[in-house]
1. Run down B:GLY73, B:GLY77 and say which single residue is at positive phi, away from every other protein chain (no Cβ under 11 Å), open to solvent by 10 Å² or more (accessible area, probe 1.4 Å) and not aliphatic (A, V, I, L, M).
2. Of the residues B:LEU144, B:LEU112, which single one is hydrophobic (A, V, I, L, M, F, W, C), more than 11 Å from chain A (Cβ to nearest Cβ) and surrounded by 14 or more Cβ atoms within 10 Å (Cβ to Cβ)?
3. Using the structure shown, decide if B:LYS62 is under 22 Å from A:GLN141 (Cα atoms), basic (Lys, Arg) and over 16 Å from the mean Cα position of the chain (by Cα).
4. Are there any pairs, at least 6 apart or on different chains, whose C-beta atoms fall under 9 Å, with the first in the stretch A:20-36 and free of Cβ contacts under 8 Å to residues at least 12 places away in the same chain and open to solvent by 60 Å² or more (accessible area, probe 1.4 Å) and the second part of a helix (DSSP H, G or I) and of a type outside the set (Gly, Ala, Ser), and if so, which?
5. How many of the residues making up the stretch A:136-169 are charged (D, E, K, R) and more than 10 Å from chain B (Cβ to nearest Cβ)?
6. Looking only at the stretch A:222-233, decide whether some residue is closer than 22 Å to A:ILE58 by Cβ, among the small types (Gly, Ala, Ser) and touching a Leu at 6+ places or on another chain (Cβ under 6 Å).
7. Looking for whichever is touching a Leu at 6+ places or on another chain (Cβ under 8 Å) and either more than 14 Å from every other protein chain (Cβ to nearest Cβ) or more than 29 Å from A:GLY127 (Cβ to Cβ) (or both) here; the options are A:THR195, A:THR173, A:THR201. Which one fits?
8. Looking at A:GLU242, is it in contact (Cβ under 8 Å) with a residue 40 or more places away in the chain and more than 15 Å from A:ILE259 (Cβ to Cβ)?
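The values are calculated or read from the model by the stated rules, or taken from the named source; none is laboratory data. Every value quoted in this text rests on a predicted model; they were computed, and no experiment measured them. Note that we place each Cβ from the backbone using ideal geometry, even for glycine, and neighbour counts take in every protein chain shown. Please note that ligands, DNA and RNA were not included when accessible areas were found on the heavy atoms of the full protein model with its side chains. Shrake-Rupley method; radii C 1.70, N 1.55, O 1.52, S 1.80 Å.
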Amino acid sequence: MTTGGGGDKGLAGLLDRLGHWVVAGFNEFGFAAALFGESVFWLVMGRRRRQTVRLAPIVAQAMEIGIGALPIVTVLSGTIGIMLAIQGIYSLRLFGAESRVTLGVAMSTVREFAPLITGILVAGRSGSALAARLGTMRINQEIDSLTVMGISPVRFLVVPALVAMLVMLPCLTLWADVVGLFAAGLYIAPQLGSTLGAYATEVVDLVKLNDMLHGLAKSGIFAVLITIVGVVNGASVTGGAEGVGRMTTRSVVHAISAIVITDMVFVFMVTR
Amino acid sequence: MTRGSTGSADKSIEVIDLVTHYGDRQILHNVSLDVRKGEIMVIMGGSGSGKTTLLAHLLGLKAPTSGTVRVLGSELGRLGPMDLQKLRTRTGVAFQSGALFSSMSVGDNIALPLREHTDLDRTTIGIMTRLKLEVVSLAGFEDLMPAELSGGMIKRAALARAIVMDPELLFCDEPSAGLDPVVASSIDDLILRLRDAMGMSIVVVTHDLDSTFKIADRICVLDKGKVLALDSVEAIRASTDTRIQNLLNRRTEEAEPDADAYLRRLLGEGAPRQDGTGRT
């Protein structure tokens, strides 16, 4: 993004580049916000404008985003559940409180690790795919082609992806909750000399609806972030196949950063 | 605000004093042209003449710095999104690369405008799709994916998609570029047939001289963002302007007369560009 027009040397050049960079950054934020607004607009007003958002592409995207990610989400959330259980028991044993490990594992899985790991996985799988697809369509003039046909590319391409993501990411997160807690139980129950049934009862007792909603709300926000970041990067592709590759990478890095930072902000606002 | 939908009734397109920039660089210099109803207008020019940019303006894909573009009686800059959408169902565009949606079959590509803009049932849409495929001699190919088509077939499928709504105005971007002479000539015949059979106004952007002289009713010659000439085929052929003759006879521009400017450019000393709008 450093297309500095002026001198390239010294402090002036640095300030010049910094200025360009800041302006470009703000532009991108504005573009992202406008895109989200337009998506909501088409979702609500599409029918009245004779441009209905159709169900078939939403279902197709949901299959790709949700069902396609199921195996890897299962493996990783299970792994993280076991890892949390091991670390929890190790650290709690330092002051002889390992019997309280279920509380820590349950809270951190449901409130934090399940939504976070699912978001990161989906950003890597589907956010990048979205960016690559839109970028390729852009350099093939397919986006222009939609526009000149009188079909809004946002309505036709972005809204189905956004809706599918908003439905599937919380679903995947819920699944990650279940798998993560189950896997943790497989380690915790024998370690504490208890049974899986007793562990399950304890978890159901400990995890409140509020905790579930905390995680699911975050996954909803992540869904919007992943989609919008993917679309913004895909739509900004210039310079052929190399450009598509560059923007795809960029979209993954940006989406994961946005997810982690938003997570922190959300937790800070809600939890204090 | 009343100017939005006026303009001469016998004009499909009117462009008045169009000026446009990419960043600081001026691309089009006060371009004015008109396309009459039912004629084939060929916009011709070499690489970098601004013809692609001009097309983007005619399609409403780019907003001009100044000037007006009136398509089918409506001024593009003044149309609301709804009216623009309506106008776009009355025009068709065949892009240079075809721009077929690679995730859809050829038939779905061609049916898409009908599915999105009309309430026709599936059977009717199927019939109309096959009808247009027949027109471009691609009958029986509707189940193939775009990746399975040859270059000429892609261009013809793109044409079929562009005419599926029976537009009053058709744009073709480099319809024969990258095709062998026989296939290119068949595309030219197709364009002529579309005009004769359906009475469309057609705007063709190309650098191909043979096809220009074969299909054009009038020619607009663009050079360095300016309209060099806008006239009938015969008048363009007979033109005495050296730059037009250079273009027609495939001669390169004469050598740079200013040796100083040439040296300055080589040294990278930011000599002013020929159009006088060099970056600071």
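1. B:GLY73
2. So the residue among B:LEU144, B:LEU112 that is hydrophobic (A, V, I, L, M, F, W, C), more than 11 Å from chain A (Cβ to nearest Cβ) and surrounded by 14 or more Cβ atoms within 10 Å (Cβ to Cβ) is B:LEU144.
3. No: the conditions fail for B:LYS62.
4. Cβ pairs passing all conditions: A:ALA33/A:ILE228.
5. The number of residues fulfilling the criteria is 1.
6. yes
7. So the residue among A:THR195, A:THR173, A:THR201 that is touching a Leu at 6+ places or on another chain (Cβ under 8 Å) and either more than 14 Å from every other protein chain (Cβ to nearest Cβ) or more than 29 Å from A:GLY127 (Cβ to Cβ) (or both) is A:THR173.
8. Criteria not met by A:GLU242.
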